[in-house]
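Student: Once you've had a glance at the structure underneath, I'll fire off some questions.
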Amino acid sequence: MLYLHDILNINKNDTVAIIGGGGKTTALWRLAVERKNQGAFVTTSTHIMKPDNGQCDIIISPNDFLTIAKNKITAALYPNQQNKCTGVSNKQFQALRQKKIPILYEADGSKRMPAKLHNISEPVIYQNTDIVLLIIGLSALGKPIKDVCHRYELYNLNPDEIFDISHLIMCIEDGIKSCKMLTNKIRIFLNQLDLISDKEVIYNLCKTFGHSYIYCGNLKSDG
C-alpha cells in the first residue's frame, strides 16, 4: 500500500486538519497508522465518532497530561452517550504545538454525507496548523443533492437536482475558501474513485482545476 503522506506531499511531522466528507475519518486513521512508529496524536476541534476497537491504542481525556507515545496511536477525546466525541480546546492545542507534538484532527462534520458546504463558523481550524486536507466523496455524483451534500441550502441549491461535476467543483472551491489557508498548505483528495465509471472526467478535473495538490483515488485501497 502506498503511504498517504507521500501521495499527498505531507510530512509526518505536520499538524493536519481534515475537513469535508466522504472519507474524512478513513483518512484520519490511515494517516495515524502511518505515524504509529513515531507516535500519532489524534483529536478533533468539533466532533468525531468514538474510535472503533483497534483504531487507536490509547484514549485519554483532553484534560489529562497530553503527550505522545512512540509505537502508539493516542486519541485525546471526550466520549458522550451518542458515541460521538469532542476533542482538545484551542488552548490545549497550542500547548501541544509548543511541545512540538504533531496533531491529526477532524475540523468539521458532514452528517455522514460524501460532500459538504461550509457555514461561516466552519471549519474549525486552529492556529499553527500546517496542512488542511479536504476530502470529497465521489459517490455524491449522480444522486439528489439533498441526499449527498451537507448544507446545500447555503447556496440555494435545488434539493432534488442531481449532484454533478459543477457541484463537485463548487464544494472544492468552497472548502478552499472556507479554510482560510494559503493554497500551498491545502491538499484536496477526491475519494471513492472506484465508484466512478468514467474516471477520465475526474482525472481531467484534477489536471485542469488549477491547484498544485489535488488528487483522486480510493482511501480504502492504494490511494
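What follows is calculated from the coordinates using simple rules that are stated; it is not laboratory data. Computed from a prediction, not measured in an experiment: that's the story for all the values here. Reconstructed Cβ throughout: ideal geometry from the backbone, glycine too, with neighbour counts over all protein chains shown.
Student: So what is the relative contact order for the range 4-216, in percent, with contacts set as C-alpha pairs under 8 Å and at least six apart?
Tutor: Relative contact order here is 24 percent.
Student: Go through THR15, LEU4, TRP29 and say which Cα lies farthest out towards the positive end of the charge dipole of the chain; charges sit on Cβ, +1 for Lys and Arg, -1 for Asp and Glu.
Tutor: It is THR15, whose Cα lies furthest towards the positive end.
Student: Computed over the Cα atoms of the range 108-151, what is the convex hull's projected area averaged over all directions, in nm²?
Tutor: It is 3.5 nm².
Student: What is the helix-to-structure angle for 24-34, meaning the angle in degrees between its Cα long axis and the longest Cα principal axis of the chain, kept from 0 to 90 and rounded to the nearest 10?
Tutor: 50
Student: Relative to the longest principal axis of the chain, what angle (0 to 90°, nearest 10) does the C-alpha long axis of helix 165-179 take?
Tutor: In the chain, helix 165-179 runs at an angle near 30 degrees to the longest axis.
Student: In debye to the nearest 20, how big a dipole does the chain give about its Cα centre with +1 on each Lys and Arg Cβ and -1 on each Asp and Glu Cβ?
Tutor: Numbers: 26 positive and 21 negative charges, 172 e Å.
Around 820 debye, computed over the chain.
Student: Sticking with this structure for a sec: Consider just the alpha-carbon atoms of the range 1-126 and return their Rg together with their Dmax, both in angstrom.
Tutor: Spelled out, the Cα radius of gyration and Dmax of the range 1-126 are 13.7, 38 Å.
Student: Work out from phi, with θ = phi - 60° and the Karplus expression 6.51 cos²θ - 1.76 cosθ + 1.60, the ³J(HN,Hα) of each residue of the range 73-84, listed in order in whole Hz, and give x for Gly and Pro.
Tutor: Taking θ as phi minus 60°, the curve returns 9, 9, 10, 9, 9, 9, x, 10, 6, 8, 6, 10 Hz for the range 73-84.
Student: From the phi of every residue in the range 121-130, what ³J(HN,Hα) in whole Hz does the Karplus formula 6.51 cos²θ - 1.76 cosθ + 1.60 yield, where θ is phi - 60° and glycine or proline is x?
Tutor: 3J(HN,Hα) across the range 121-130, in whole Hz: 9, 10, x, 9, 9, 7, 4, 6, 8, 8.
Student: Over the range 124-197, what per residue volume does the convex hull of the Cα atoms give, in whole Å³? Show your work: numbers first, answer last.
Tutor: Working: hull volume 7.1 nm³, N = 74.
Each residue corresponds to 96 Å³ of Cα convex hull volume.
Student: In the structure displayed, which of LYS70/LYS177; LYS36/LYS220; LYS36/LYS177; LYS146/LYS199; LYS100/LYS207 lie more than 28 Å apart, Cα to Cα?
Tutor: Check vs 28 Å cut-off fails for LYS70/LYS177; LYS36/LYS177; LYS100/LYS207.
Student: Quick one: in the range 1-52, what % of C-alpha pairs are over 12 Å apart?
Tutor: The share of Cα pairs beyond 12 Å in the range 1-52 comes to 67 percent.
Student: Among ASN119, TYR78, PHE65, whose Cα projects farthest towards the positive end of the dipole of the range 37-120, with charges put on the beta-carbon of Lys, Arg (+1) and Asp, Glu (-1)?
Tutor: The residue sitting most towards the positive pole is ASN119.
Student: Starting with the fewest neighbours, write out ARG151, ARG187 ranked by other beta-carbon atoms found within 10 Å of each beta-carbon.
Tutor: Least crowded to most crowded, the residues run ARG151, ARG187.
Student: Hey, what do the phi angles of the range 55-66 turn into as Karplus ³J(HN,Hα) couplings, whole Hz, using 6.51/-1.76/1.60 and θ = phi - 60°, x for Gly and Pro?
Tutor: 6, 9, 8, 9, 10, 10, 6, x, 8, 6, 5, 8
Student: May I pose another question? With unit charges on the beta carbons (Lys and Arg positive, Asp and Glu negative) and the dipole taken about the Cα centre of the range 69-145, which residue among ASN90, PRO102, GLY137 sits farthest to the positive side?
Tutor: Value: PRO102.
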